[in-house]
Amino acid sequence: MQHEENPERRAAAAAAPRPSTAPHTPAAAVPRRTGPLRVHIVMFDGVEELDCIAPYEVLSAAGRHSTQGADIRYVTTGELGPVRCGHGTEIQVRHRWAPQEADLIVVPGGGYARRDAPGVWAEVRSGILPRALAAAPRSGLTISGVCTGTMLLSAAGLTKGRPCTTHHRAKAHLEEQGGDVKNARVVDDGDLVTAGGITSGLELGLWLAGREFGPDVVTRVEAIMEYEARGTVWRTATPAVAQAAPPR
């Protein structure tokens with residue numbers, strides 16, 4: 001039986017930017033920060049509330065309980081002002097897209113099941129955010145995706161050939177678009193970190209907080225929030241990690 005390709009997917013693929021040629025940084029090589037961790041969470045109409053609020057709260061709490069601190073901002077490639085989330089919550093966005101000023105970019109998802117409504121599909125069709133993401137990679141910057149936010153990274157060409165994950169209903173699409181999909185809650189490929197599931201912004205936030213601030217900060221945040229990270233973290237092995245311990 002022949003299956004006709006979805007016209008929206010074909011149009012999105014045609015409009016998609018070319019994958020970035022910037023070399024990626026393995027997880028073990030991500031440097032420790034000496035100043036506040038600068039986190040930019042990308043906002044757009046139709047964004048899932050938990051996708052953007054969960055990492056905001058986790059990373060804000062981690063910053064408050066670390067010595068270096070964190071500067072967390074909602075940013076947009078569109079107009080400044082209120083963004084209407086998928087369930088009607090309005091969030092004021094006061095900062096413009098400025099990836100050169102970020103250490104960590106978090107791309108939430110939302111609206112993936114509603115192709116004709118605001119959300120990920122609308123952003124893919126527009127092409128503005130995917131093009132901005134495609135141009136963002138540079139040394140020292142980690143780009144992350146929450147749930148179907150990974151599909152925006154895919155539209156930007158950032159997941160092609162790389163370990164990644166997304167919401168379970170979008171995994172087939174992610175694989176079709178060249179992602180090396182892993183069955184894990186969080187997938188850490190160094191400067192690309194993705195998480196799968198509507199509540200996975202909690203795990204993404206805790207994992208990234210651990211990378212940046214250390215385990216003591218994470219366990220303190222877990223105690224404060226009365227939440228412990230769930231699921232598996234799949235992490236790319238680097239030469240430094242993969243080598244056997246030297247003989248004594």
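The table below gives the values:
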{"quantity": "FRET efficiency, Asn183 to Tyr227 (Cβ-Cβ, R0 22 Å, nearest 0.05)", "calculated": "0.50"}
{"quantity": "Which of Ser126, Ser66 has the fewest Cβ neighbours within 10 Å, and the rest in rising order", "calculated": "Ser126, Ser66"}
{"quantity": "Hydrodynamic radius by Kirkwood, which averages 1/r over all alpha carbon pairs of the stretch 35-237, in angstrom", "calculated": "16.4 Å"}
{"quantity": "Stretchable slack from Ala172 to Ala113, in nm (0.36 nm times residue separation minus alpha-carbon distance)", "calculated": "19.9 nm"}
{"quantity": "Label-reachable residues, the stretch 50-85, where backbone N falls under 15 Å from a point 7 Å from Ser126's Cα toward its Cβ", "calculated": "75-85"}
{"quantity": "For Asp116, Asp45, Asp71, order by how many other beta-carbon atoms lie within 10 Å, fewest first", "calculated": "Asp116, Asp71, Asp45"}
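Any read-out appearing in this document is the output of simple, stated calculations on the displayed coordinates, not a laboratory observation. Please read all numbers here as calculations on a predicted model, not as lab measurements. Note that we place each Cβ from the backbone using ideal geometry, even for glycine, and neighbour counts take in every protein chain shown.
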